[in-house]
Amino acid sequence: MENNTAKKTLTTKRLDNLQFLVLALPAILLLVTFAYIPMGGVVIAFEKFNVTKGIWGSPWIGLKNFEFFFKSSDAWRTIRNTLGLNLLFMSVGLVASISFAMLCFYLRSKRAIKIYQTVTLVPSFLSMVIVGYLVYSLLKPSGGVVNQLVTAFGGTPVNWYSQPQYWPVILLVTILWHGVGNGSLFYFASLMGIDTDYFEAASLDGATRWQQFRYIIIPFLIPLIVIIQTLNIGKIFRSDFGLFFNVTQDSGALYATTDVIDTYIYRSLIQIGDIGMSAAVGLFQSGVGFVLILLTNFIVRRIDSDSALF
């Protein structure tokens, strides 16, 4: 009798696992098709790729494609911009997302929460092509909304697309407007899981809002923050191509502060047509991101193993 019960339980578990496998199958196929199978093309980074000869017929040149990038005058600029801007987006985005999640958490009206979340989530559904046109309508040299306001207050219109010093701030505002609503959802969902008894006990003890934030909310959010930031660190050498290409209108005058590795790869592929060099830079991005995730996870595991990814 016990054996029959055990067999039925095992069969039920297998059926449940099979159902989950079927549900996950489309995502698995998508991952294998677009992430694992193309990894065979990594060999292009070490070849003088020739379309007519193909991947396996092109001559092997070793690390020369990497040397071409790192010895160029653009290498330092693109790496500096990629790292600097991504660090800026990560740090300010973290503060903005948590702040907005806290705002929704302390709102008493559910209707107000839905309105705020809807308004901030809508921009995340817009492609960067549309966002680029919206930004251009605000900043275009003649007839732009911002220049009209500047002129109305007695100022001199600015040709924003030839002034690179302004663009780190412009891109930061754009990425916050586009993504802070989506980014805050994780933190808001985590805040909703905190037992209200903690806040009631803290209020009875005379704790202020700041003390509740410091001693209740922050410790509760730290595991989630660590996981999200670890994943972001792994992508720190990659940038949102749509943001840096469409929003800046690919203006050459702005390359000093907006040219990142992804846009450099695109131009090298389109203008120079050097597929091998483009593949080498892309492999460099992936390799550094992989190492950074491993290193960050190792450090997190040494500090708090429960917050580590693996």
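The table below gives the values:
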quantity: Test: residue in region 177-189 that is more than 30 Å from Thr248 (Cβ to Cβ), open to solvent by less than 40 Å² (accessible area, probe 1.4 Å) and touching a Phe, Trp or Tyr at 6+ places or on another chain (Cβ under 6 Å); calculated: no
quantity: Test: residue in region 149-166 that is within 22 Å of Phe100 (Cα to Cα), in a helix (DSSP H, G or I), open to solvent by 80 Å² or more (accessible area, probe 1.4 Å) and free of Cβ contacts under 8 Å to residues at least 12 places away in the same chain; calculated: no
quantity: Thr208, sole failed condition from (1) of a type in the set (S, T, N, Q); (2) open to solvent by 60 Å² or more (accessible area, probe 1.4 Å); (3) within 30 Å of Ser72 (Cβ to Cβ); calculated: (3)
quantity: Residue among Thr118, Thr82 that alone is within 30 Å of Gly282 (Cα to Cα) and either part of a helix (DSSP H, G or I) or open to solvent by 50 Å² or more (accessible area, probe 1.4 Å) (or both); calculated: Thr82
quantity: Matching entry among Gly54, Gly93 (being modelled with pLDDT under 90, open to solvent by less than 40 Å² (accessible area, probe 1.4 Å) and out of contact with any strand residue (DSSP E or B) (no Cβ under 9 Å at 6 or more places or on another chain)); calculated: Gly54
quantity: Candidate set: region 60-69, residues that are of a type outside the set (D, E, K, R), at pLDDT 85 or above and surrounded by 11 or more Cβ atoms within 10 Å (Cβ to Cβ); chosen: the one nearest to the chain's Cα centre (by Cα); calculated: Phe66
quantity: Output for region 240-260, where each listed residue is assigned to a helix (DSSP H, G or I), out of contact with any Pro (no Cβ under 8 Å at 6 or more places or on another chain) and modelled with pLDDT of 90 or more; calculated: Phe241, Gly242, Leu243, Phe244, Phe245, Asn246, Val247
quantity: Any hit, region 164-178, residues being within 25 Å of the chain's Cα centre (by Cα) and within 26 Å of Pro219 (Cα to Cα); calculated: yes
quantity: Criterion violated by Ser268 - all others in (1) surrounded by fewer than 16 Cβ atoms within 10 Å (Cβ to Cβ); (2) in a helix (DSSP H, G or I) satisfied; calculated: (1)
quantity: Qualifying residue in region 271-288 (condition: on the phi > 0 side of the Ramachandran plot, over 21 Å from the mean Cα position of the chain (by Cα) and either at pLDDT below 85 or buried (at least 19 other Cβ atoms within 10 Å of the Cβ) (or both)); calculated: yes
quantity: Set Ser203, Ser162: member being hydroxyl-bearing (Ser, Thr, Tyr) and closer than 26 Å to Asn86 by Cα; calculated: Ser162
quantity: Selected residue [modelled with pLDDT under 90, under 25 Å from Thr296 (Cβ atoms) and part of a helix (DSSP H, G or I)] from Leu185, Leu171; calculated: Leu185
quantity: Residue within region 121-136 that is in contact with a His (Cβ under 9 Å, 6 or more places away or on another chain), of a type in the set (Val, Ile, Thr) and part of a helix (DSSP H, G or I) present; calculated: yes
quantity: Those residues of region 104-115 which are in a helix (DSSP H, G or I), touching a helix residue (DSSP H, G or I) at 6+ places or on another chain (Cβ under 7 Å) and open to solvent by 40 Å² or more (accessible area, probe 1.4 Å), in sequence order; calculated: Phe105
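To keep it simple, each residue is scored yes or no on (1) closer than 20 Å to Ile275 by Cα; (2) touching a residue at least 40 places away in the same chain (Cβ under 8 Å); (3) not small (Gly, Ala, Ser).
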| site | (1), (2), (3) |
| --- | --- |
| Met39 | yes, no, yes |
| Pro59 | yes, no, yes |
| Arg80 | no, no, yes |
| Leu88 | no, yes, yes |
| Gly93 | no, yes, no |
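Conditions tested, residue by residue: (1) of a type in the set (Phe, Trp, Tyr); (2) closer than 30 Å to Val129 by Cα; (3) over 14 Å from the mean Cα position of the chain (by Cα).
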residue: Ser184; (1), (2), (3): no, yes, no
residue: Thr196; (1), (2), (3): no, no, yes
residue: Glu200; (1), (2), (3): no, no, yes
residue: Asp205; (1), (2), (3): no, no, yes
residue: Thr208; (1), (2), (3): no, no, yes
residue: Gln212; (1), (2), (3): no, no, yes
residue: Ile236; (1), (2), (3): no, yes, no
residue: Phe241; (1), (2), (3): yes, yes, no
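The values are calculated or read from the model by the stated rules, or taken from the named source; none is laboratory data. All values reported here derive from a predicted model rather than from experimental measurement. A quick note on method: Cβ atoms are made from the backbone with ideal geometry, for glycine too, and the neighbour counts reach across all protein chains shown. The accessibility values were calculated without ligands, DNA or RNA, using every heavy atom of the protein model including side chains. Shrake-Rupley method; radii C 1.70, N 1.55, O 1.52, S 1.80 Å.
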